[in-house]
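The structure under discussion appears below in the form of structure tokens.
The values are calculated or read from the model by the stated rules, or taken from the named source; none is laboratory data. Fair warning: this is a prediction, and the values are worked out from it, not measured in the lab. Please note: Cβ atoms are built from the backbone with ideal geometry, for glycine as well, and neighbour counts cover all protein chains shown.
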Amino acid sequence: MKKTFTFTHMTRTLLATSLLALGLSSPAAAADLPGKGITVQPIKGSVAEELFQTLLISRAMEKLGYSVKPPQEIEYATGHLAIANGDATYLSSHWDPLHAAFFTNAGGDAKMWRNSTYIRNALQGYLIDKKTADQYKITTLSQMADPKIAALFDTNGDGKADLTGCNPGWGCELAIEYHLDTYQLRNRITHNQGSYSALMADTLARYKQGQPIFYYTWTPYWLSSVLRPGKDVVFLQVPFSAQKGDPSKTSTQMPDGRDYGFVPNVQRIVANKAFTEKNPAATKLFEVMQLPVGDINAQNLRMNNGENKPKDIERHVNGWIKAHQQTFDRWIAQAMAAAK
């Protein structure tokens, strides 16, 4: 990683604040900070709601003395390549196993580090409104093979169900396309792609008008706080597990027997391996940081309700740290200890 010993006024201020929070004094303590003189470049995907979890890592890295650049937005496949090549330092939202191919194709363990469990139990699946599900007794995706069922979710008059789907480049679009072929639903379902937020705005508008809706989504995301699974909408199960990769690892069935077509994912922090090998404090920080799904859902909902400007998200991050100060300080202490 590139080293620099020139600090901006803002960086010096952040460093001084960090030292006070850690109970250290300047200048002797400044020399003890493991990140002193090292600049890092975080990246994030195109989902705006990922900024919260990204900035939380930035705050922790600053406490360790690192100079952290503003996150750059990049598509996941390209982002993994940037990390592998050293053009970026870390990504906070590597979905495992959804992004496994991006990781492998960019060089895998030889180029990148991902021994983290930042966010657990990230779910994905297909949902429809509960009113239509109850009225027509729809419980599985395979029922879309019935032209009468598919037509219930037709929004443009072509007789096919319109699925609010996944943006190209996110990884989930590949899984959806695989499902449409494997379950032989290509002629019954149209996978609508583009700007997910814009498509979901239309989907929500139809729901408020009492019309049937059919969409793909994931957690953590604000949507599940507005369209509540089990109350407003229901997950559709798939007829059988089907996903690309090793045939021995294709089961998407959960312990209780339900199968939504996607295994629960872990969102991992992925970092440049050369950086982690030279920076044990940052590596330990990445290992120990964990963020509850419910906290992210709550913050994402605030963004959806209008608190979505950079200064709002900065305030959310600062508020989370204040509310979980002991946890945050423990992360820093563990990271500092790893540097000794």
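State whether one or more residues within the stretch 256-276 are on the phi > 0 side of the Ramachandran plot and touching a Leu at 6+ places or on another chain (Cβ under 9 Å). Spell out the reasoning first.
So the first thing to find is which residues in the stretch 256-276 are on the phi > 0 side of the Ramachandran plot, and the list is 257, 261.
Imposing the further condition that a residue be touching a Leu at 6+ places or on another chain (Cβ under 9 Å) reduces the set to 261.
Yes, that holds for at least one residue.
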- Query: Looking at (1) closer than 23 Å to residue 102 by Cβ; (2) exposed (fewer than 15 other Cβ atoms within 10 Å of the Cβ); (3) out of contact with any strand residue (DSSP E or B) (no Cβ under 8 Å at 6 or more places or on another chain), which is the only condition residue 290 fails?
  - Reply: (3)
- Item | Pairs where the first residue, in the stretch 28-42, is assigned by TED's automatic domain parsing to the domain that holds residue 277 and the second is among the aromatic types (Phe, Trp, Tyr) and modelled with pLDDT under 95, C-beta under 6 Å, 6+ apart | 37/5
- Query: Among 97, 71, which is farther than 30 Å from residue 212 by Cβ and in contact (Cβ under 8 Å) with a residue 60 or more places away in the chain?
  - Reply: 97
- Task: Tell me, please, whether a residue that is surrounded by 20 or more Cβ atoms within 10 Å (Cβ to Cβ), outside the structural domain of residue 33 (by TED's automatic domain parsing) and over 22 Å from the mean Cα position of the chain (by Cα) can be found in the stretch 238-258.
- Result: yes
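Where in the stretch 51-107 are there helices (runs of 4 or more DSSP H), lying fully within it, with 3 or more residues that are within 18 Å of the chain's Cα centre (by Cα) and surrounded by 20 or more Cβ atoms within 10 Å (Cβ to Cβ)? Reasoning before the result, please.
On the way: elements: 51-63, 76-85, 100-105.
Hits in the stretch 51-107: 51-63, 76-85.
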